[in-house]
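All remarks here apply to the structure that follows.
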Amino acid sequence: MSFHPARDDERFQEGRSQPLDVSSNQLFLSAPIPIMIEDWSRVYAAIMDLRAKGITDIDAWFDAHPFAVAELRMLHSFVEANNAVVELFEAGSKAAFFERAKQLLPADRTSNIAVYRAMFEGRNACQGERTLVTFSGKRVPIVWRCSLPGHADGYRRLCFYGFDVTEQKESNDRMQAMRAEMARSARVSLFGEVAASILHEISQPLSATRTSADAALRWLGNDTPHIAEATESIRDAARWARDATEICRRIRGFLGKVPVRSVSSSVNDAVDAAFFLVSPEANSKGIVIESHLDENLAIFADPVQIQQVLANLLLNGIHAIDARDGAERNLTVFARKADSGEALFEVRDTGAGMSGETLASLFQPFFTTKVNGMGMGLVVARSIVEAHGGRIWAESATQLGTSFFFTLPVSDASESGN
Ligand code: ADP
């Protein structure tokens with residue numbers, strides 16, 4: 001079914017209706033909160049039409065009719081604005097504001113649908129968020145709220161209250177950035193310590209191996225080779241090399257001891273938690289992160305560790321997108337049930353991609369192509385995924401982007417039937 005608003009001139013006349021008496025109301029004009037009065041009566045009639053036609057799921061209807069929001073917006077008009085609105089938009093005067101009101105407050109899909117939905121469901125209030133652009137080009141995030149009347153006539157004068165939330169948003173962003181920074185530095189310092197201790201433990205037997213091998217060469221290089229001494233030195237070298245291997249085994253054992261505390265959780269929760277950590281970094285670089293998840297899918301995994309895996313892959317994606325400087329700056333997480341019965345995650349970026357050589361070395365400890373890279377992120381990601389009984393791999397094409405895939409056990413709580 002498609003939406004066909006009545007196309008008579010009157011219904012399509014968009015703009016400002018006759019000012020109401022309220023403009024003379026000093027209380028309204030000088031209220032410290034931006035208040036817009038808008039005429040939504042024809043929009044209301046159109047929404048009621050939809051109900052009368054038997055539409056029951058308004059969100060699905062809007063999904064199926066992508067132009068309906070803009071068409072409905074044409075049935076709406078601005079009636080009045082108080083001084084705080086003029087100030088908010090840095091318009092200078094009310095006349096200047098109304099001259100550009102349509103451009104300043106264009107249809108906003110999410111905000112508008114919030115109102116349509118509330119009308120459709122007969123609610124008595126609605127609210128939402130949107131970002132406004134002022135006369136000087138400044139972007140102002142606002143939270144708006146509107147009370148909805150119980151009768152059609154009331155829709156001729158809907159009052160929208162706007163609250164500038166720039167400060168709250170900035171401090172929220174700062175807090176998120178701090179959290180991401182803390183998560184990152186915790187990761188870096190942990191890897192730093194691990195790397196330093198591995199180097200410390202291993203450098204001694206390695207240099208002893210080398211000293212013994214050098215000695216063996218010297219014994220063999222004499223005019224009369226000293227076979228017995230050379231053999232002894234080679235034996236020493238082999239013993240030191242075994243020590244180094246043993247140290248590596250112990251370190252691996254130690255790292256592997258991080259217990260996996262698996263619980264059932266939805267893939268949504270896992271992805272949300274990782275998005276929470278990386279979104280400040282993505283926002284600051286103009287990268288859009290989104291997810292396409294099988295909502296019914298639940299995993300049986302350690303939430304903190306999976307958050308670490310996803311955050312690592314997402315941060316790498318952000319760096320790769322930033323390194324490419326391309327027009328497409330998208331980072332997407334997909335999760336679905338694979339044919340094998342496991343949960344299959346994909347972290348896909350539109351970044352610089354990587355060469356075959358890089359692709360082959362990805363999961364090697366300390367492999368990095370970044371100036372400040374540690375080269376341990378993917379090593380840890382792999383050890384976590386494998387400790388859960390899963391697999392991790394990557395597919396990439398230079399200049400086209402990269403996808404990292406990993407699998408995890410599905411929880412019994414999963415409702416996904418495929
Ligand atoms: P680091 O991020 O410290 O370099 P990682 O182990 O996380 O360590 O990554 C190792 C290397 O793998 C990176 O330096 C980079 O060369 C490559 N890499 C990882 N993810 C991506 C990606 N999404 N796109 C391109 N290259 C990547």
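The values are calculated or read from the model by the stated rules, or taken from the named source; none is laboratory data. Since the model is a prediction, treat every value here as computed from it, not as a measurement. Here the Cβ is made from the backbone with ideal geometry for all residues, glycine too, and neighbour counts use every protein chain on show.
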Exercise. Of the residues that sit in the stretch 367-397 and are more than 21 Å from residue 305 (Cβ to Cβ), of a type outside the set (D, E, K, R) and assigned to a loop (DSSP other than H, G, I, E, B), which one is farthest from the ligand (Cβ to nearest atom)?
Worked result: 371
Seminar exercise, completed: Listed by first then second residue, the pairs whose first member lies in the stretch 312-337 and is modelled with pLDDT of 95 or more, whose partner is among the basic types (Lys, Arg), with beta carbons under 6 Å and at least 6 positions apart or on separate chains, are 332/348
Problem set entry | Test for residue 289: is it under 45 Å from the mean Cα position of the chain (by Cα), at pLDDT 90 or above and β-branched (Val, Ile, Thr) | yes
For this session: Evaluate the stretch 174-189: report whether one residue or more is modelled with pLDDT of 85 or more and surrounded by 14 or more Cβ atoms within 10 Å (Cβ to Cβ).
Result: no
For this session: Evaluate the following for residue 129: is it part of a helix (DSSP H, G or I) and either of a type outside the set (S, T, N, Q) or surrounded by 15 or more Cβ atoms within 10 Å (Cβ to Cβ) (or both)?
Result: no
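So that you can scan it fast, the table gives a plain yes or no per residue for (1) surrounded by fewer than 17 Cβ atoms within 10 Å (Cβ to Cβ); (2) over 24 Å from the mean Cα position of the chain (by Cα):
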position	(1), (2)
356	yes, yes
364	yes, yes
370	yes, no
380	no, no
399	yes, no
408	no, no
For this session: For the stretch 256-273, indicate whether the set of residues that are away from the ligand (no atom under 16 Å from the Cβ), closer than 17 Å to residue 378 by Cβ and of a type in the set (Val, Ile, Thr) is non-empty.
Result: yes
Exercise. Got a sec? Which strands (runs of 3 or more DSSP E) wholly within the stretch 258-366 have at least 1 residues that are among the hydroxyl-bearing types (Ser, Thr, Tyr)?
Worked result: 263-266, 288-293, 330-337
Seminar exercise, completed: Listed by first then second residue, the pairs whose first member lies in the stretch 345-373 and is closer than 11 Å to residue 401 by Cα, whose partner is of a type in the set (Lys, Arg) and surrounded by 13 or more Cβ atoms within 10 Å (Cβ to Cβ), with beta carbons under 6 Å and at least 6 positions apart or on separate chains, are 351/324; 352/324
Seminar exercise, completed: Flagged pairs (Cβ under 8 angstrom, 6 or more apart or on separate chains; first in the stretch 269-284, touching a residue at least 60 places away in the same chain (Cβ under 8 Å); second acidic (Asp, Glu) and part of a helix (DSSP H, G or I)) are 280/173; 283/173
Problem set entry | Scan of the stretch 24-47 for residues that are surrounded by 15 or more Cβ atoms within 10 Å (Cβ to Cβ) and part of a helix (DSSP H, G or I), ordered by number | 28, 29, 41, 42, 43, 44, 45, 46, 47
Seminar exercise, completed: Of the residues in the stretch 324-362 that are under 12 Å from residue 398 (Cα atoms) and among the hydrophobic types (A, V, I, L, M, F, W, C), the one that is farthest from the ligand (Cβ to nearest atom) is 359
